[in-house]
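The values are calculated or read from the model by the stated rules, or taken from the named source; none is laboratory data. This structure is a prediction, so every number in the text was calculated from the model and none was measured. Cβ coordinates were reconstructed from backbone atoms using ideal geometry, including for glycine residues, and neighbour counts include every protein chain displayed.
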Amino acid sequence: MFCKKCGAPIKDDAEFCTKCGTPADKGATPSDHASGLVGWSTRWEDPEIIAASKKNNMTVIGFTWALALILPIGFLVAGLFIDSLKLADAMIIGFSLAAVLLCINLIHLKIRKNQTWEGVVTEKYVREKPADDESENEDIDTEYVLVVQKTNGKIHHVIYLNRREMYDYFAIGDRIRYHQGLGTYEKYDKSGDRIIYCNVCSAENPITNDRCVRCNRPLLK
């Protein structure tokens, strides 16, 4: 017998799943778990996933506030030690840049708040992105691009820089879902996959896993 929520095995005489606490369904079978690989996971509602999403958002906010504090201090120092830059001008520039940065971040967070969207991969392509310098020995960055048409008709580009594994994981025609605050996209049909990527830390896992080998959070399956 298997838990319909997390897929963990349950003893025949058990009343609850020892992993997630869900009441045991006496009619659940291994095939029920396999069929769960087709469709959107309900585990994005798991408290651990919600906590990870909030933590990611707080990290972004904390980094933005730190940068907003560093900018005025940096320009203050520049105004004190660079003769060509007046102190008053340096302070105006520093505080102006910090204010613009905070406004952009607040708008971004408002747009992303509770945002979940779905779409279909319509195209995949690889392109090389030359480095900024013009030296003969410059490294060439490779962008692996997924073109996704959202359900609202808008086109979204998912770009993986010098990382092909996630690009290969998705195929043209795959339905995917983005969960706000998570690191990767959920695939609708995972029934033919041997691996699954953690939506919190992006680690690769065997499809048989219920928890991530790296961060130990539930996998969306």
First in region 194-221 and closer than 10 Å to G183 by Cβ, second anywhere and among the charged types (D, E, K, R), Cβ under 7 Å, 6 or more apart: Y197/E204; C198/R214; C198/R217; N199/E186; V200/R217; C201/R214; A203/R214
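Given the condition farther than 25 Å from A52 by Cα, of a type in the set (S, T, N, Q) and in contact with an Asp or Glu (Cβ under 6 Å, 6 or more places away or on another chain), answer yes or no: does some residue in region 182-191 qualify?
First, the residues of region 182-191 that are farther than 25 Å from A52 by Cα: 191.
Narrowing further to those that are of a type in the set (S, T, N, Q): 191.
Now narrow it down to the ones that are in contact with an Asp or Glu (Cβ under 6 Å, 6 or more places away or on another chain): none.
For region 182-191, residues farther than 25 Å from A52 by Cα, of a type in the set (S, T, N, Q) and in contact with an Asp or Glu (Cβ under 6 Å, 6 or more places away or on another chain): absent.
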Unique residue being small (G, A, S), modelled with pLDDT of 85 or more, over 29 Å from Y185 (Cβ atoms) and over 17 Å from the mean Cα position of the chain (by Cα) when the list is G74, G79: G74
One residue from R217, R211, R164 being within 18 Å of L37 (Cβ to Cβ) and of a type in the set (K, R): R211
Failed condition for S31, given (1) modelled with pLDDT of 65 or more; (2) of a type in the set (S, T, Y); (3) part of a helix (DSSP H, G or I): (1)
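Please work out if V158 is over 23 Å from A52 (Cβ atoms), in contact with a strand residue (DSSP E or B) (Cβ under 6 Å, 6 or more places away or on another chain) and at pLDDT 90 or above.
Answer is no for this residue.
So which strands (runs of 3 or more DSSP E) stay within region 148-206 end to end and still have 1 or more residues that are among the hydrophobic types (A, V, I, L, M, F, W, C) and out of contact with any Leu (no Cβ under 7 Å at 6 or more places or on another chain)? Show your work before the answer.
On the way: elements: 155-161, 175-179, 195-197, 204-206.
In region 148-206, the matching strands (runs of 3 or more DSSP E) lie at 155-161, 175-179, 195-197.
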